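A quick write-up on the structure given underneath.
The values are calculated or read from the model by the stated rules, or taken from the named source; none is laboratory data. Predicted model only: the values in this text are computed from it and were never measured. Don't worry about glycine lacking a Cβ; one is built from the backbone with ideal geometry, like all the others, and counts go over all protein chains shown. Ligands, DNA and RNA are stripped out before the accessible areas are found, and what is left, the full protein with its side chains, is counted by its heavy atoms. Shrake-Rupley method; radii C 1.70, N 1.55, O 1.52, S 1.80 Å.
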Amino acid sequence: MAKRNRYNNDLRVGNFNLASASDRKRVQSMMVELKLQADALTQKDMRSWRQAWQTAIDVENPHRGRLYDIYRDVEVDLHLEGCVGQRKGFVQKKGFKLVDAKGKQNDDITRLFEAVWFKDMVGYILDSRYWGHSLIQLGDVVSIDGEMRYTGVELVNRKHVIQEYGVIIREQGDEWQTGVPYREGPMADWVIEAGKPHDLGLYLKAATQTIPKKNMLAYWDQFGEIFGMPIRIAKTSSRDPKDRAQIENMLSNMGAAPWGMFPTDTDIEIKETTRGDAFNIYDKRIDRANSELSKGILNQTMTIDNGSSLSQSEVHLEVFENVVEKDVDLVKDIVNDQLLPRMAKHGFPVKGLHFEWDDSVDYTPQQQLEYEKMILDRFEVDPKYLIDKYGVPITGVKKLPEQAALARPFFD
């Protein structure tokens, strides 16, 4: 206990303390004092994955550093990036609004959230699905043109977060008992936590496909290097070292539009490869890895891979929309349960407001046109709605051509 108190005192002397006397003025970023270490870009295999997994679930002293090195390697996979990007993109493109208890939208606060800091925070929250956890630090509170803002948000380096015990450690490898708690005390008001303490994220399972996939791609490259090009064979009866050296040099330099001048008794043969099973060996395994990644991240394959029929594609799209809906609920819950209460403590005028997704803005232009036509045909609509939305000054009701044609016989 004395060691921990001394460690915490040392942090308060430096720039690590997140507390502030007035609870409005933000102190120096917690990142400054963290001793960041370079990520290891070593070749990963299933054995290293299993060992890293075991280290991450150690009950007494859990550390995810080695597992996160593998996750960083997993992230490089282009197919996986496409799956993750599609899933995150459907959430990030949705509209939202801040409403009061009666459901009325507060336009000023909604506009406050339409900023880079909030978009970054939503991205970090969604990343917790794949990494297992995200600890997000809120920036300083500033005033710009009379409006309160956060200067930004920042992701606390995951290797320094021991979420199982809710602490941040100074150096990777430190025991969690020496860490600084972030779920209690002054630090708790300046961080947003996404993910459950013991969740290791979807990248844990994705690694079982990305690791062998990278190996198969490397093996295929090696196969192409060995068997992909025809072999040039030169046969000569000459025993003269100069003739042999000349033949060897000409063979090594034969490229586009090859030619060569050889001794008269030299026989040149081009040996084509007969190995044609590389496609079934390598490409099929890579396809299987991609389909497994699609199923794991998107719960289906057809929204990112080729579909075979319209009916099947519609079923797959419905499954994908259910996955997106879970991510949408995750963001909504964290904003309402964590972000808004912290913003209220920091002086933002958000008391009594609630974050909701605005599904009405997700219509396509054609859908929006049909929707508005149905409303106008059935109900009286305040022209101010159309004026505000489309910026068109409406001065009155105009007769439609068919109405004018019906009225003409009465005036002839």
**Message:** Please return the ranges of strands (runs of 3 or more DSSP E) entirely within region 120-233 where 2 or more residues are open to solvent by less than 10 Å² (accessible area, probe 1.4 Å) and closer than 20 Å to A56 by Cα.
**Reply:** 134-138
**Message:** Report every pair of residues separated by at least 6 positions or lying on different chains whose Cβ atoms are under 8 Å apart, first residue within region 376-400 and open to solvent by 100 Å² or more (accessible area, probe 1.4 Å), second part of a helix (DSSP H, G or I).
**Reply:** P393/I387; K399/A407
**Complete:** The one condition F90 fails out of (1) modelled with pLDDT under 95; (2) surrounded by fewer than 17 Cβ atoms within 10 Å (Cβ to Cβ); (3) not basic (K, R) is (2)
**Item:** Filter result for the condition that a residue is farther than 19 Å from R129 by Cβ and under 24 Å from the mean Cα position of the chain (by Cα), over R66, R72
**Value:** R66
**Request:** Return only the number of the condition from (1) modelled with pLDDT of 95 or more; (2) aliphatic (A, V, I, L, M); (3) assigned to a loop (DSSP other than H, G, I, E, B) that V59 does not satisfy.
**Result:** (1)
**Message:** Can you tell me which of (1) more than 28 Å from G173 (Cβ to Cβ); (2) touching a helix residue (DSSP H, G or I) at 6+ places or on another chain (Cβ under 8 Å) is the one G103 doesn't meet?
**Reply:** (2)
**Request:** Would you mind telling me which numbered condition in (1) open to solvent by less than 10 Å² (accessible area, probe 1.4 Å); (2) over 28 Å from V59 (Cα atoms); (3) out of contact with any strand residue (DSSP E or B) (no Cβ under 8 Å at 6 or more places or on another chain) T110 fails?
**Result:** (3)
**Request:** Among the candidates D287, D283, D267, D277, single out the residue that is farther than 25 Å from Q209 by Cα and at pLDDT 65 or above.
**Result:** D267
**Complete:** Expected output for region 72-97 (first residue closer than 18 Å to A289 by Cβ and in a loop (DSSP other than H, G, I, E, B), partner of a type outside the set (V, I, T) and open to solvent by 40 Å² or more (accessible area, probe 1.4 Å), Cβ below 9 Å, 6+ apart or cross-chain) is E75/E81; V76/K214; D77/K214
